[in-house]
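Trainee: Just passing along the structure, written as structure tokens.
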Amino acid sequence: MASTEELQSIYQFAVQLGKDAGQLLLQSVKSRYGSTDTKPSHSQEFVEKDNAVDLVTKVDEEVEAFIKHRVSIEYPSHQFIGEETYSKGASRNYLIDERPTWCVDPLDGTVNMIHIFPMFCVSIAFIVDHKPAIGVVYAPFVDQMFSACKGRGAWMNETQQLPLVRNPIPPMPASAPKGCIFSFEWGKDRRDSPDGNMQRKVESLVNMAAEIGSRGGKGGMVHGVRSLGSATMDLAYCAMGAFDIWWEGGCWEWDVAAGICILQEAGGLVTTANPPDDPLKAPIEPAKLGSRLYLAIRPAGPSSDESARQGQERTVREVWRRVRTLDYSRPGG
């Protein structure tokens, strides 16, 4: 493991790298602005990878190459895994080991960027011994920077500690998920099979949203359901305290590594999305990077009846009671 001083230096490098890469994304978006007399920009052209919602643009590849080059100069002994280079490989094996590794999504929210919906970002994680030690998520269109370094907390725009509400940090609602904002993503698996992932997600979402007492006792009556179109931004918004719960399957490690670091440093909890056989008694273990299944709970304060951790774990169990098991393996792994 890197020393405290080394980790701080890597953190400062990662923050600046995120800002620089984010500006490249922003320049690409702005190149599409202009009058009808402006020469058309080719930066919005995209190709499909696996299906019509799994997209890559030229800027994805250019920004990843930019980040990889900067890392290779500053830290030539470190490993590097990026979404676009990984996607072109033949294997879908989990490629991160105990060595220091940079895990990067140059553009999380490609569909958002294509449609100029502002929730797109660059996501940079530094991982040691399979655990994210540094996370940087920068959304340039809204100029929001989320960052964290192991043992030093999580921050928005480098000055505001997360979660934002801190005096005091609110406990989880006593009747959670009632009273919570629940977030998820539709994901890229859109196969409309009778008991496939998409149908299981739909059933789970209806359970979470339905009135208390309905659906055989599974109605959760959440305050609202949100989908930003970027997994790592969902996690950052959980760290901020804007989202109470995030539930998702199908994410790759570059989708979540930076966001997990930020959420955990803010005091959040991350475990598996899939409910165990006994949701009320099963142990709550930390999610494994590369598992593709995640349930995140925002940072919480204690209440008069329970500790912060007890409130988070109670919420995990109540979510598990209402959601279906998702099937996301690693093809080729």
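Computed from the coordinates by the stated procedures, all read-outs in this text should not be read as laboratory data. For clarity, every value in this text was computed on a predicted model and none was experimentally measured. Positions of Cβ are backbone-derived with ideal geometry, glycine not excepted, and every protein chain shown enters the neighbour counts.
Trainee: Could you work out the relative contact order of the chain, using alpha carbon pairs under 8 angstrom and six or more residues apart, expressed as a whole percent?
Mentor: Computed over the chain, the figure is 17 percent.
Trainee: Over the alpha-carbon set of region 130-175, divide Rg by the Kirkwood Rh and report the Rg/Rh ratio to two decimals.
Mentor: That ratio is 1.07, to two decimals.
Trainee: Based on the mean of other beta carbon atoms within 10 Å per residue, what is the order of 229-238, 74-83, most packed first?
Mentor: 229-238, 74-83
Trainee: If you place +1 on the Cβ of every Lys and Arg and -1 on the Cβ of every Asp and Glu, how big does the dipole about the Cα centre of region 156-231 come out, in debye to the nearest 20?
Mentor: Once rounded to the nearest 20, the dipole reads 80 debye.
Trainee: Then there is this: Output needed: percent of Cα pairs per 5 Å distance bin for region 181-320, bins running from 0 to the one holding the longest distance.
Mentor: Over region 181-320, the share of Cα pairs per 5 Å bin runs 2, 10, 19, 23, 23, 15, 5, 2, 0, 0 percent.
Trainee: I would also like to ask the following. Which of 30/131; 131/218; 58/150; 58/188; 30/150 have a Cα-Cα distance over 29 Å?
Mentor: 30/131; 131/218; 58/150; 30/150
Trainee: Suppose every K and R has +1 on its Cβ and every D and E has -1 on its Cβ; what is the size of the dipole of the chain about the Cα centre, in Debye to the nearest 20?
Mentor: 620 debye
Trainee: A further question on this structure: Could you tell me which helices of the chain pass both thresholds, a Cα extent of 27 Å or more along their own axis and a mean Kyte-Doolittle hydropathy of at least -1.0, with helices taken as whole DSSP H runs?
Mentor: 4-30
Trainee: Hey, in the GNM for the chain with a 10 angstrom Cα cutoff, which one of 22, 290, 196 fluctuates hardest?
Mentor: Judging by the Gaussian network model, the answer is 196.
Trainee: Counting pairs of alpha carbon atoms under 8 Å apart in space and at least six apart in sequence, what relative contact order in percent does region 94-231 give?
Mentor: Value for region 94-231: 17 percent.
Trainee: Let me ask something else. Along region 211-220, what does the Karplus equation 6.51 cos²θ - 1.76 cosθ + 1.60 (θ = phi - 60°) give for ³J(HN,Hα), rounded to whole Hz, x for Gly and Pro?
Mentor: 3J(HN,Hα) across region 211-220, in whole Hz: 4, 4, x, 8, 6, x, x, 8, x, x.
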